[in-house]
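For reference, the structure discussed in these notes is given below.
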Amino acid sequence: MSPGEKLDPIPDSFILQPPVFHPVVPYVTTIFGGLHAGKMVMLQGVVPLKAHRFQVDFQCGCSLCPRPDIAVHFNPRFHTTKPHVICNTLRGGHWQREVRWPGLALQRGASFLILFLFGSEEVKVSVNGQHFLHYRYRLPLSRVDTLGIFGDIYVKAVGFLNISPFVEGSSEYPVGHPFVLQSSRLEVPCSRALPRGLWPGQVIIVRGLVLQKPKDFTLSLRDVAAQVPVTLRASFADRTLAWVSHWGRKKLVLAPFLFYPQRFFEVLLLCQEGELKLALNGQALGTISLDQQALERLRELRISGSIQLYCVHY
Ligand code: GAL
């Protein structure tokens, strides 16, 4: 940034922590803004063939000595005949009472996706899309600001996400959509068929990284006649985000401009009867009206511009 250049005042909650790909374990990182109810941490990885154990710790700080308190210690163990998970809390250097969760769906040699969903009283953990455990906090969640991953694990990606701001759109247990790096399916421009159009309740999620020196980013919805009834366009020249209609009419999204070079972003569209709801980086940013028939006639989602994609899901 050149001296004197002005930045929009962005509320902290708008900034999304970028995913980390293939970090070296032991891996310790700060959780931007700490943990609070509604945050999710997604862990994609593989259990090594000779794994003994690994642990994912949600820590209060990162000092080595004295050891930081650990609000949530999630510790899969593979060395027994029945793989299981131990959850516990470390307080003032002392482990509390352990909770043991049998029936672990993780296997040596297999890849996995674990989702930690932080609620106000407890954390819920799903393994490969299935609810696995819930652990009640014994330390205030607000003290947690550090994630530590240790032991026998290959980490492919760690993602930091928010639950959908639309109650209607978020199931009780949101599904984690894996991040993918350098997949030909995610090359930009990227096109996805919408064989049955968009229906109420459907959600489109696009996650990625803005490139250096970006020009624009567009997400357009095309119909059977290859018309484009609606496009969401971020323009970096004038730093605006707008809905652009088939006729070129622009409706500005009135919010701080959230796309920054080399920053992660998440666009979520929720289809409802006659409208699309937009959320950016977990924050609801209004709706665009589109008649229901137009939504049902949509056949293609096209994403283009100065971005690298990590996930497109609908
Ligand atoms: C201990 C183990 C620690 C931690 C703890 C959890 O036996 O040494 O690493 O897993 O259990 O209760």
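Every number in this text was worked out from the coordinates using simple rules, so none of it is lab data. This is a predicted model, so every value here is computed, not measured.
Here are the numbers for this structure:
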{"quantity": "Exceeding the 28 Å Cα-Cα cut-off - candidates 39/277; 39/215; 250/277", "calculated": "39/215"}
{"quantity": "Choice from 133, 90, 64 showing the highest fluctuation, given a GNM over the chain with Cα pairs closer than 10 Å", "calculated": "64"}
{"quantity": "Pairwise Cα inverse-distance average, inverted: Kirkwood Rh of the chain (Å)", "calculated": "21.0 Å"}
{"quantity": "Value in Å of the Kirkwood radius, where the range 1-142 supplies the Cα pairs that are averaged", "calculated": "16.8 Å"}
{"quantity": "Karplus 3J(HN,Hα) series, Hz, for the range 199-209 with 6.51 cos²θ - 1.76 cosθ + 1.60 (x for Gly, Pro)", "calculated": "10, x, x, 6, 10, 10, 10, 10, 10, x, 10"}
{"quantity": "Residue-by-residue Karplus 3J(HN,Hα) for the range 294-309, coefficients 6.51, -1.76, 1.60, Hz, glycine and proline x", "calculated": "5, 5, 6, 7, 5, 10, 8, 10, 10, 10, 9, x, 8, 9, 10, 8"}
{"quantity": "The range 1-152, relative contact order [Cα under 8 Å, separation at least 6], %", "calculated": "31 percent"}
{"quantity": "q = 0.10 Å⁻¹: log10 I(q)/I(0) that the Debye formula gives for the range 188-314, counting C-alpha atoms only", "calculated": "-0.27"}
{"quantity": "The range 96-142, relative contact order in percent, only Cα pairs under 8 angstrom and at least six apart counted", "calculated": "27 percent"}
{"quantity": "Mean separation of Cα contacts under 8 Å, 6 or more apart, over the residue count of the chain: relative contact order %", "calculated": "21 percent"}
